[in-house]
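Q: Let me give you the structure first, and then I'll get to my questions.
A short reminder: the numbers here are calculations on the coordinates, not readings from a lab. Predicted, not measured: the structure shown is a model, and the values here were computed from it. Note: ideal-geometry Cβ built from the backbone for every residue, glycine included; neighbour counts use all protein chains shown.
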Amino acid sequence: MTSRSGYWRFTTDTTPEGIREAILTHLRLSLARSPDTATPFDWWVSTAMMCQDHIVDQFLATYRAQKADKVKRLYFFSLEYFLGRLLPQNLINLGILEQTKKALTGLGLDVDQIFEEEPQIGLGNGGLGRLAACFLDSLSTLRYPAFGYGLHYEFGLFHQDIINGYQVERPDDWTRFGVPWEIIRPRFSQVIRLYGSIEWDKQKPVWVGGKEILGVPYDYLIPGYRSPVVNVLRLWRSKSTVEFDLEAFNRGGYFEAVAEKSFCESISKVLYPNDKTEIGRELRLIQQYFFVSCSLHDIVRRFLNEHTDFDDFPSKVVIHLNDTHPAIAIAELMRIFLDEHNLPWSKSWELVSQCFAYTNHTLMPEALEKWSVPLFERVLPRHLQIIYEINKQLLDSVPTTIPQRDELIRQISLIEETQPKLVRMANLAICGSYSINGVSALHSELLKKELFHPFYILNPKKFHNVTNGITPRLWLLASNPRLSNLITEAIGEDWPTDLEKLEGLKSFVADPAFQEKYELVKQSNKAELSSLLKQRYNFVIDPDALFDVQVKRIHEYKRQHLNLLHILSLYRRLLDNPNLDIHPRVFLLAGKAAPGYDLAKCIIKAINAVGNKINNDPRVNKKIRLYFVPNYGIWLASKIIPAADVSEQISTAGKEASGTGNMKLALNGALTVGTMDGANIEILEAVGEQNIFIFGLKAEEIRQLSATGYCSRKIYETDPEIKYLLDWLGSGEFTPGESPAVLQPLVHSLIDGGDPFFVLADFHAYKEIQSKVDQQYKDRKMWISKAILNTASLGWFSSDRSIQQYASMIWHLAPCLPK
Ligand SMILES: *Cc1c(COP(=O)(O)O)cnc(C)c1O
């Protein structure tokens, strides 16, 4: 079913009737089903195939034009693509969503039910993977010639169940029933090598032995919004180079034959469900190398198809490293030039160092890829030699006159002189790239000032900033049709590709008729979410309550526990004073914790435990409720975000590189409660300080507090409210029937664990800003005008703007249109 080998002529009719016919044709000829026995899944597959028919010819025309014009292409390397469901996205981009809905309704089908049959493509953990997906959408929309490259994980991000308040993970077997979007191209497979050793053949190193692995490309076609350009996301799946080892089998070595196959297939088996924290696993290094090597060989093959002279390589190829994970590409392209194409070292380095651009996505030190030298040498012996040589030349190039030269050399070296030694992949990425950027103004400044300071001293011109963005096609048009219609009614239909047009809404901010409509949109979205959550989880949510939302990966630096402490404090105050005048508020939290991150899982348990208590306490549950929504992903985000009144962006200042959830929520008219961190700062500048709630220590203050000694235990001992709340949380009262120690790790981390993310230090500022939120929410007109102003001011945060900046400032890329 995954193959699309039809021999009939497809219709490209875009009327509801034509679409209906195409769906029925696929149901019959591709699936061999008839309408009376077809399941909703069959209908989904047929609809996706109909949609793909409209994409394929555009793709062929795009590729033909790129080839004819010998264009420069962007190759985007990312270990994650968090795509979600493609059908609604693709139909919107093609401009046939309404016709398709009509066709399905005409067939007596429930459109939402059919769309929800699509397995979500969760080949990503969170913001980084979703950014890659938004960028693909913008690249095609803006007509840039681009390929995405990544891994075809057999299992994407785990499915999260909440059982008795605990996170329980289930594997995400997303390809089980086949994926109609995929085009498998075994003819373009690549063979890569691992392990082995280096032999010398007349002074020339030759990498021999070890294992050979086959990489098979799975292509996803990515249409842009109302754009003639369709780009490709090429994901590699690992296989054994021998389909079946008949010889070993005949020798009686059946298990030997199977074990080999199983090792090869394990490489693309599973997405590492880690967000931020590093894992030192051999398989992860192999995953990185596997996808990078397959992709680079594919790129060199395509280059040699269109060009003859490697001197043209940097003017035709730009490779973007989406974070440090694919940094091994720099050593691998050197190896390909040196060993496979016999270019001299200096020429190879000249070419390589003009092709790569690198985006750093985090300042968290534990997330910088470092591999032990013995592991690296075992898996990639030739690459270690190359890295040593790059390092030698890098260190030799440091001017002898530079102050504190030894210290600087120690910091920029590609090798960390620990026991065992470590290969620093971020340093490799920096020294091999012609451009390095952070993802928000603050983050880029901190890279220059702190993490990459020595490199910045040596080469300040390499450093840039490109603030992240989000695609308005998904995060407004598809997710929030009510608001989209209202916007189009007010300012016309150009905004999805020119989001700064939203500025036009500013003239409606004080318009009572528009305010009323805007409020009605928000109210309807809230009612819809509330009934969805009632239906699925039996949550009881009053649509008139303030919807206070914190949805993102669970991590200490994102401080869901700061949110929780405030909720606890509100609970306490309501018990003490039942007449406390607050607007009813429902706190919604959602997000996954890395399976090995015990404290994050403890935070989930704590949220559920406190929520359970509050929601069942009749003394307070008309005023506050707290729910944790399971299995946060793109789909849930698209339901929660349009219904939010308040967006919690409360990371410890200096820790969140950018954030994109903050942009999605503000665009949809939620007011941000946030720290001066990541893109919050730029959102503040865009919306103005009257329309956002900023609180807490700034990055510089956090740094100083760290340096002078921060003692969270002292706060606990001297601050009666904090002491009360932490003792309460740890008392066992919220976990009846379980050991009272269940929530102790969380409490402990905030007291004797030193509170590494300054939760206690920011608690009172947070509590104060939250009471301001409550007061302001009571003035409905004022609040709505602020919400409108947020929507109107967020245009700059479109991923189209990010991609334009990359294209002009870093990639030097021009659009290419099919003829
Ligand atoms: C946008 C998004 C994120 C990133 O959220 P942040 O608040 O920026 O951390 C994570 N997961 C999903 C599903 C998203 O859509």
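Q: Inside the stretch 631-645, can you point out the residues that are within 12 Å of the ligand (Cβ to nearest atom) and of a type in the set (D, E, K, R)?
A: Correct list: LYS639 only.
Q: A follow-up question, please. From the set of residues in the stretch 646-665 that are within 19 Å of LEU562 (Cα to Cα) and among the charged types (D, E, K, R), which is nearest to the ligand (Cβ to nearest atom)?
A: Checking each candidate, the answer is GLU656.
Q: If you take the residues of the stretch 67-98 that are under 30 Å from LEU24 (Cβ atoms) and of a type in the set (D, E, K, R), which of them is surrounded by the most Cβ atoms within 10 Å (Cβ to Cβ)?
A: ARG85
Q: What is the number of the single condition among (1) crowded, with 17+ Cβ neighbours inside 10 Å; (2) touching a residue at least 24 places away in the same chain (Cβ under 8 Å) that LYS101 does not meet?
A: With respect to (1) crowded, with 17+ Cβ neighbours inside 10 Å; (2) touching a residue at least 24 places away in the same chain (Cβ under 8 Å), LYS101 is out only on (2).
Q: So, ARG559, is that one within 16 Å of the ligand (Cβ to nearest atom) and either crowded, with 20+ Cβ neighbours inside 10 Å or not hydrophobic (A, V, I, L, M, F, W, C) (or both) or not?
A: So ARG559 fits the description; yes.
Q: Moving on to the next point. Identify the single condition in (1) closer than 26 Å to GLY165 by Cβ; (2) surrounded by 15 or more Cβ atoms within 10 Å (Cβ to Cβ); (3) over 30 Å from the mean Cα position of the chain (by Cα); (4) not aliphatic (A, V, I, L, M) that TRP783 does not satisfy, given that it satisfies every other one.
A: (1)
Q: Tally time: how many residues in the stretch 406-453 are part of a helix (DSSP H, G or I) and under 29 Å from the mean Cα position of the chain (by Cα)?
A: Residues in the stretch 406-453 being part of a helix (DSSP H, G or I) and under 29 Å from the mean Cα position of the chain (by Cα): 21 in total.
Q: Also: What do you reckon, is ASN577 without any contact (Cβ under 8 Å) to a residue 60 or more places away in the chain, closer than 23 Å to ILE641 by Cα, surrounded by fewer than 23 Cβ atoms within 10 Å (Cβ to Cβ) and away from the ligand (no atom under 16 Å from the Cβ)?
A: Here the answer is no, as ASN577 does not meet what is asked.
Q: Now for a separate question. Inspect the stretch 340-348 for any residue being among the acidic types (Asp, Glu) and in a loop (DSSP other than H, G, I, E, B) and give the result as yes or no.
A: Scanning the stretch 340-348 turns up no residue that is among the acidic types (Asp, Glu) and in a loop (DSSP other than H, G, I, E, B).
Q: Could you list, in sequence order, the residues of the stretch 605-632 that are more than 18 Å from LEU570 (Cα to Cα) and surrounded by 23 or more Cβ atoms within 10 Å (Cβ to Cβ)?
A: LYS605
Q: Give the residue that is farthest from ILE624 (Cα to Cα), with candidates limited to residues of the stretch 726-763 that are free of Cβ contacts under 8 Å to residues at least 24 places away in the same chain and not in a loop (DSSP other than H, G, I, E, B).
A: Among those that are free of Cβ contacts under 8 Å to residues at least 24 places away in the same chain and not in a loop (DSSP other than H, G, I, E, B), it is HIS748.
Q: Sticking with this one: Within 16 Å of the ligand (Cβ to nearest atom) and over 18 Å from ASP42 (Cβ atoms), is that true of ASN90?
A: When the stated conditions are applied, ASN90 does not pass them.
Q: If you don't mind, another one. Take ARG585 and decide whether it is under 23 Å from LEU483 (Cα atoms) and of a type in the set (Lys, Arg).
A: yes
Q: If you don't mind, there's one more thing I want to ask. Taking the stretch 135-151 as the region of interest, how many residues are in a helix (DSSP H, G or I) and either over 15 Å from the mean Cα position of the chain (by Cα) or more than 14 Å from the ligand (Cβ to nearest atom) (or both)?
A: 5
Q: Now, a different point. I'd like the full set of residues that are hydrophobic (A, V, I, L, M, F, W, C), assigned to a helix (DSSP H, G or I) and exposed (fewer than 13 other Cβ atoms within 10 Å of the Cβ), limited to the stretch 494-519.
A: Result: ALA513, single match.
Q: Which ones in the stretch 331-371 are among the β-branched types (Val, Ile, Thr) and in contact with a strand residue (DSSP E or B) (Cβ under 6 Å, 6 or more places away or on another chain)?
A: THR359
Q: Might you check whether a residue that is aliphatic (A, V, I, L, M) and within 22 Å of the chain's Cα centre (by Cα) occurs anywhere in the stretch 243-262?
A: No, the stretch 243-262 contains no residue that is aliphatic (A, V, I, L, M) and within 22 Å of the chain's Cα centre (by Cα).
Q: Restricting attention to the stretch 534-556, which residues are under 13 Å from ILE640 (Cβ atoms) and of a type in the set (Lys, Arg)?
A: Within the stretch 534-556, ARG536, LYS552 qualify.
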